[in-house]
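Read through the structure below, which is laid out as structure tokens, and then see the notes.
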Amino acid sequence: QEQLVESGGGLVQAGGSLRLSCAASGRTFSSYAMGWFRQAPGKEREFVGAISWSGSNTYYADSVKGRFTISRDNAKNTVYLQMNSLKPEDTAVYLCAAVPYYGLGPPRKYDYWGQGTQVTVSS
């Protein structure tokens with residue numbers, strides 16, 4: 001199984017940038033599609049984006065498209081979420097997730113989840 005640990009969250013002013021990392025401990029990381037989600041207090045979990053096992057395909061929610069970028073480094077067993085032009089409404093706990101998936105389009109379910117990292121954007 002995969003164990004996922006997010007890092008890189010923190011406080012940032014509106015308009016600033018952060019890069020989140022998700023490190024995986026499993027041996028088969030390169031075969032997993034990865035997703036990023038976020039959850040704000042009192043709100044449901046929201047899909048942010050996903051990346052295919054090879055990194056050749058990425059998908060984004062409309063709310064972050066053009067501002068966030070997902071990438072991965074399979075040699076380091078790590079997936080990244082680069083967040084630019086941050087807005088207060090981006091404030092949430094950000095979680096990464098993994099699933100064995102080789103198809104086209106974003107996965108519809110995930111088998112493994114990280115604990116989350118807090119991102120707070122001040123106005």
Exercise for the section: Can you send over the carbon and sulfur percentage of the accessible area for segment 35-101, probe radius 1.4 Å, protein chains only? Expected result: 48
Handout entry: Spin-label model distance (nm) - Tyr102 vs Ala40, 7 Å beyond Cα toward Cβ
Key = 3.9
Problem - Rounded to the nearest 10 Å², the accessible area of Lys76 at probe 1.4 Å - result: 130
Completion exercise
So Ser122 and Arg19, fully extended at 0.36 nm per residue minus their Cα-Cα distance, gain in nm 35.4 nm
Handout entry: Heavy-atom surface of the chain, accessible at 1.4 Å and reported per residue (Å²)
Key = 53
Exercise for the section: For the chain, with a Gaussian network of springs between Cα atoms less than 10 Å apart, report the residue from Val12, Val99, Val48 with the top mean-square fluctuation. Expected result: Val12
Practice task
Using a Gaussian network model of the chain whose springs link C-alpha atoms within less than 10 Å, name the residue from Leu11, Leu81, Leu20 with the highest mean-square fluctuation.
Solution key: Leu11
Exercise for the section: With an 8 Å cut-off on Cα pairs and a minimum separation of 6 or more residues, tell me the relative contact order of segment 16-110 in percent. Expected result: 39
Problem - Max mean-square fluctuation residue, GNM over the chain, Cα-Cα springs under 10 Å, options Arg27, Arg38, Arg67 - result: Arg27
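The values are calculated or read from the model by the stated rules, or taken from the named source; none is laboratory data. Not measured: the values here are computed from a predicted model. Quick reminder, even Gly has a Cβ in these numbers, built from the backbone with ideal geometry, and neighbours come from all protein chains shown. Accessible surface is based on the protein model in full, side chains and every heavy atom, while ligands, DNA and RNA are left aside. Shrake-Rupley method; radii C 1.70, N 1.55, O 1.52, S 1.80 Å.
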